[in-house]
1. Once every DSSP H run of n ≥ 4 in chain A is given -39500 (n - 2.57) and the sum is divided by its residues, what mean residue ellipticity at 222 nm do you get, rounded to the nearest 500 deg cm²/dmol?
2. What residues from the stretch B:288-307 fall in the zone where the backbone N is under 19 Å from a label point 7 Å along the Cα-to-C-beta line of A:D3?
3. Helix hunt in chain B: which complete DSSP H runs extend at least 20 Å axially by C-alpha with mean Kyte-Doolittle at least 1.0?
4. Among B:H143, B:H84, B:H307, which comes first, then next, by fewest other beta-carbon atoms within 10 Å?
5. Could you work out the mean count of beta carbons from other protein chains within 10 Å of each residue's beta carbon in B:220-226?
6. Give the lysines whose C-alpha is closer than 24 Å to that of B:K329, dropping any in the same chain fewer than 8 places away, or say none.
7. Using the basic label-point model (7 angstrom from Cα toward the beta carbon), what is the B:V131 to A:L22 distance in nanometres?
8. With unit charges on the beta carbons (Lys and Arg positive, Asp and Glu negative) and the dipole taken about the Cα centre of the stretch B:141-263, which residue among B:L169, B:L220, B:F187 sits farthest to the positive side?
Amino acid sequence: MYDGGKIVVGLVVFIGVVTFPLWYRQASGEALRAPEPKIVTDAKECVAPTDYMRASHQAMLNEWRDLVVRDGMRVYVAFNGQEHEMSLSNTCMKCHPNKVEFCDQCHNYIGVVPYCWDCHIEPKESN
Amino acid sequence: MGALVSFFAVVVLVAIVFVGVEAANLRYLFGVIIPYAALITFIAGFIYRIVIWARSPVPFRITTTCGQQKSHPWIKNDILDNPHSTIGVIGRMLLEVLLFRSLFRNTRLELRNGPKLAYEWEKWLWLAGLVFHWSFLVILVRHLRFFTEPVPVLIQALEGLDAFFQIGLPALYLSDAVILAAVTYLFLRRVLIPEIRYISLAADYFPLFLIFGLVLSGVLMRYFVRVDVVAIKELAMGLVAFRPSVPEGINVLFYIHLFLVSVLFAYFPFSKLMHLGGVFLSPTRNLANNNRMERHTNPWNYPVKVHTYEEYEDEFRDKMKAAGLPLEKE
Ligand code: HEM
């Protein structure tokens, strides 16, 4: 190889960058964990089927927000016929008051930081 | 022709995963085996291509320059467009890699009525190319949130910046909108401009369709169909930790996305996409123009066997003397 030294250095750097997740994981050294959001409510069902909630709760919140703020509708009839007020703090957080152990479990795992709590009131939790 | 072939190639790829996952339940194949195989192919193929290139000697500085060469001290030279030092070369390389400087000089040849030949400024290709590559990079870096635990702060910051306008929920990433627009432009450019359509091959269309399919499946997953991202991260972390597992309940759309990525990575080293590595080995970009300051010897020069006049005279002295020829040494 001509200029072998420089090229090998370049290749090593490139492969180091490409495999970043592999050695980052080795370096962080923690065991693999999956988030376990803790359900504390006595209710048996969420406002929509669990599969749907897991994947699409943010879209549902968006829908609720638009319906409430733009159309003034406040009542949501769930899939099981129950009626809920469409509210982040008063509905979701009533059944899931443990934000840290519930919402944040998943969000920290994925690395999303919903900005909702800039304005909406977080439930008070006793740590 | 090339466009149609490439389009159907991508459609077939999508169909393969769809059938494989939905009908044959080959989740482990598409979720674990193929991604690993693709990564290995990518790395091995990349090294292979670079090593082949690195074995070609570049005996002389090939200097396509766009500025004044370094010469007399009173003539102002252009350090970036005609570098004579390593620093200058690094500067030129950075401009090339980060800002596509030589594409910025792109011109379009036009025959005007007159008839007059004119060179037009043409910046759209540069602009679309630049925003395409940058948004691709941003998306790639943002995706590290699936492969790292804990997610580095920098990646979260990039996410925040990319979703700056907080449009809708999940918040719209600007890079998604930009890359879709840019890929569409790059494709339309190939089909709508006759000269460019003429020189476009299947190998030009295929990466475009592949990336378009990849982005489209990602966009569908985030904004329209929505998938269980937590389960997907479990799969991704399993891959990273070499303890692969396939969680339940992942939408087939994700397998399509992952398969298209795998195809892209495996195809990469054998295609024009290798310009990622190639740009760093471009002799016209990475060599300082110092031909007049330094002697560059051809690396394949071998010692030439010469027979000097002195040796010749020594060999034939007697005969030359006998013939009465003049000699340098008696
Ligand atoms: C070259 C590689 C890739 C490209 C260009 C790409 C492109 C995209 C795009 C444009 C989106 C839309 C949302 C966003 O921008 O975040 C997306 C979403 C997504 N991608 Fe990829 N992707 C790539 C590789 C991967 C890989 C290797 C995985 C495996 C874990 C993956 C998993 C996902 C998931 C789960 C989503 C949905 C994210 C969400 O719902 O927030 N992607 N992808």
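1. After summing the helix terms and dividing by residue count, I get -13500 deg cm²/dmol.
2. Answer for this model: B:288-301.
3. Those that pass (Cα extent of 20 Å or more, hydropathy at least 1.0) are B:2-22, B:34-54, B:124-142, B:174-192, B:202-219, B:252-267.
4. B:H307, B:H143, B:H84
5. Per residue, the number of nearby Cβ atoms from other chains is 2 on average.
6. Cross-link targets: B:K305, B:K319, B:K321.
7. Taking the two extended label points, one gets 3.6 nm.
8. Checking the options against the dipole of the stretch B:141-263, the answer is B:F187.
Coordinate-derived values only; no laboratory data. The structure displayed is predicted, hence computed values, not measured ones. Note that each Cβ is placed from the backbone with ideal geometry, even for glycine, and that neighbours are counted across all protein chains shown.
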